[in-house]
Amino acid sequence: AGSSGRKGRRKKMRKVVFGLWFVVVLRRAARSWAPGPKLRAATPLREQAELESVIGREDDKWFMLPPDETRVEPIPVHYSVVDGGDAKLPVVCLHGFGVGEFHWEGTVATMATASGPRRVYAMDWIGQGRSWPVKDPKGLKVSADTWIAQLEAFLEHVVLEREKGPQGQHHDRGEPPKRKAVLAGNSLGGFLAAVLAARRPDLVAGLCLLNAAPFWGFFPRFLEKVVWDATLPAPSAASKVGSAWFDVLKNRRTVESLLRDVYAAPEEITEDLIDKIIAATQTEFGPDVFTSIVFSPAPRESFDEALSTACLDHDIPVALVYGRDDPWVFPAWGQRAYRRLDRRASYYELSNTGHCPHHESPIATSLCLAEILDSFDEKADEKKASYDDFLLRGGPRVGKSTSVLETGGREVVIRRVDGKPRTLVERACRFAWG
């Protein structure tokens, strides 16, 4: 009786915590509709410009994703790569929902050299950025599983440097193929990276999760056979809902509002960023693909299950980097992930930073990632003692607390934290979640 009573109280507390979180998000969203400061023009980081002038950046690369059970036509996938060399593990940067590989521009060049030399890739998800179907998307289903399969194919055929020659035969470029890569994912990208690592640990050397979405997909799986399985074309009712929602989301005011909602540094919301986000929606098949995404179910693995499988079962190193002022995936989510991994991960928090650390605070994020990638390289080289020491004490770049000045003089404090709750909300979340 006592055990069932405790479970009942925990269930009630869980509902209260989720309710409070939802109210906070709604209040932030309401405030974000107030007129904001005038947006500034984009100012590239001087450090990045210098790096790119030395190592070069290869843009507008494409990979043809072949047909499978979720698509009947091949789809061109857009990606970029900064080729700093191949001495270290390659990195694939994965963006969140609604943006594109351009969202990583402030950090990829630094990653390629600061802890390199290494190749750093950034890829657009299908239905995001510049990765869109070029023909009628009939037979296409865009779900989390679709994106995971896309990432798997990208790793196998692009990042691992095995490509099909003109006769359809595999060949390499005279270099030994890299068997694994590090995945760095923000928001949705972090969620998908964790699931792929759980399914294909043979491809993943490490996970860097930046404010990773703790869940994705709200359409119950059992409704796939009853209502619609999200394969295009959509039923009339679903198509009307998806198209109307898509029209609202691609509105300039909506884009700016959502960015101001989740960014703790509004000066990083530039006209250039908004232009790129809106430009990605100007495609003939945008409403159809968005409708498929909205009505697609979540993958079978939850974020918790995938992360635990990857780290605890497959011994894949994990690093968590969270903007402390994120109103959506606030620190309690990162603390929860850290505790569930039995503290077998490194956990960083960045002050004055919201949902997108790599874009809001690229200098501080690059510092964290450089240290993390160094540790992953050591683990890949089977220097287990060095990696264990890193988990306990950290590396030379970031101690327990390090202050960094971003472009424009904004101070960001990087802290390596132990996952213990500090505020009343965080304590309530720990009680509800364990």
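The values are calculated or read from the model by the stated rules, or taken from the named source; none is laboratory data. From a predicted model like this one, the values you see are computed outputs, not experimental measurements. All Cβ positions, even for glycine, are placed from backbone atoms using ideal geometry, and neighbour counts span all protein chains on display. What goes into the accessible areas is simple: the full protein's heavy atoms, side chains included, and nothing from ligands, DNA or RNA. Shrake-Rupley method; radii C 1.70, N 1.55, O 1.52, S 1.80 Å.
Give me the mean projected area, in nm² to one decimal, of the convex hull enclosing the Cα positions of the stretch 275-434. Display every interim value, and only then the final one.
Numbers: hull surface 48.9 nm².
Here the figure is 12.2 nm², rounded to one decimal.
Where a ≥ b ≥ c are the square roots of the eigenvalues of the C-alpha gyration tensor, would you call the stretch 302-359 rounded, which needs a/c under 1.5, or, failing that, prolate if a/b is larger than b/c, or oblate? Could you put the intermediate results ahead of the total?
Numbers: a/c = 2.33, a/b = 2.03, b/c = 1.15.
It comes out prolate by the Cα gyration axes.
Phe97 accessible area, nearest 10 Å², 1.4 Å probe?
Spelled out: Phe97, probe radius 1.4 Å, area about 80 Å².
For Lys138, list the aspartates and glutamates whose Cα falls under 14 Å from its own Cα; do not include residues on the same chain fewer than 8 positions away.
Asp68, Glu69, Glu73, Asp229, Glu284, Asp288
Hand me the GluC sites (Glu not before Pro) from the stretch 212-284 located in a DSSP loop with no more than 16 other Cβ atoms within 10 Å, in residue order please. Please report the intermediate quantities before stating the final value.
Details: sites: Glu224, Glu256, Glu267, Glu268, Glu271, Glu284; in loops: Glu284.
Filter output for the stretch 212-284: Glu284.
Rounded to the nearest whole Å³, what is the per residue volume of the convex hull around the Cα atoms of the stretch 238-370? It would help to have the intermediate numbers written out before the result.
Numbers: hull volume 18.1 nm³, N = 133.
Per-residue hull volume (Cα only) is 136 Å³.
Only sites in a loop by DSSP and with at most 15 other Cβ atoms within 10 Å count here; which trypsin sites (Lys or Arg not before Pro) in the stretch 171-277 make the cut? Don't skip to the answer; put the middle values down first.
Values: sites: Arg173, Lys178, Arg179, Lys180, Arg199, Arg221, Lys225, Lys240, Lys250, Arg252, Arg253, Arg260, Lys276; in loops: Arg173, Lys178, Arg179, Lys180, Arg221, Lys250.
Passing both the DSSP loop test and the Cβ count: Arg173, Arg179, Arg221.
What is the P(r) of the stretch 364-434, as percent of Cα-Cα pairs per 10 Å bin from 0?
For the stretch 364-434, the pair-distance distribution reads 17, 35, 30, 18, 0.
Strictly over 25 Å apart at the Cα level, which of Lys135/Lys240; Lys379/Lys400; Lys141/Lys180; Lys180/Lys250 would you flag in this model? Working shown, then result.
Values: Lys135/Lys240 21 Å; Lys379/Lys400 21 Å; Lys141/Lys180 28 Å; Lys180/Lys250 36 Å.
Where the Cα-Cα span goes over 25 Å, the pairs concerned are Lys141/Lys180; Lys180/Lys250.
Considering only C-alpha atoms, what is the centroid distance from the stretch 214-250 to the stretch 395-434, in Å?
37
Amide H neighbours of Lys61 under 5 Å, at least 5 residues apart or on other chains, H built in the peptide plane: list them.
Tyr79
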